[in-house]
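Since the structure comes first, as structure tokens, the remarks are kept for the end.
None of the figures in this text is laboratory data; all of them are computed from the coordinates on show. Remember, predicted model here, so these are calculated numbers, not experimental data. Because the Cβ atoms are built from the backbone with ideal geometry, glycine has one as well, and the counts that use them run over all protein chains shown.
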Amino acid sequence: MKVKYFLRGLGMGIIFTTLLMMTVVGTKKEALADEEIMTRASLLGMVRADEGLEPKETPAVTETPVATETPNVTKTPVATEKPVETRPPEETKEPEKPKEPEYVTVTIKGGMWSKDVAKAMEAAGLVSSAEKFDEYLCDNGYASFISVGTFKIKVGADFREIAEKITK
């Protein structure tokens, strides 16, 4: 084999490899974190499926009645009997309203593990033991489906209710 052909092949291989690497490296984009993606989406006007769009209130148009003059004809009644004295009604106690359940708002951020979520629930006073709640999430398959967002959870809810609320 001649050196001339060897160097020509080597040069062509180097040029081909350089062009190939330029296209591969040039088209690679940086991976965005979940929070960056969500921030970018909200800036573009996208809405989360669980938030939805709230309907805007439209002011109600009420017609005002036109005042028409009516003749004022009043007769004064003649008192034939003396008015009977009536007692004022006795005050009645209003029935006690049932207490509405109290709610606690908990925020789950992107990148939080089930252990972090369990600690947040314990800090909010929803669960007595973060370890037991984390174990419940892992054992029942909820740990990998935890959603990011702010959740309103009823005080006194059991593990199942809390898990279903945060995994929608």
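Below is a table of values for the structure above.
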{"quantity": "Projected label distance in nm at GLU131 and PHE145, using a 7 Å step from Cα toward the beta-carbon", "calculated": "2.8"}
{"quantity": "Estimated distance in nm for a label pair at LYS168 and LEU10, the labels positioned 7 Å out from Cα along Cα-to-Cβ", "calculated": "6.9"}
{"quantity": "Contour excess over end-to-end distance, with Cα ends at LYS2 and ALA41 and 0.36 nm allotted per residue", "calculated": "8.0 nm"}
{"quantity": "Residues PHE151, PHE6, sorted so that the one with the fewest Cβ neighbours within 10 Å comes first", "calculated": "PHE6, PHE151"}
{"quantity": "Theoretical FRET efficiency, 1/(1+(r/R0)^6), r = Cβ-Cβ of LYS109 and THR23, R0 25 Å, to 0.05", "calculated": "0.10"}
{"quantity": "Sorted by Cβ density within 10 Å, fewest first, the residues ILE146, ILE14", "calculated": "ILE14, ILE146"}
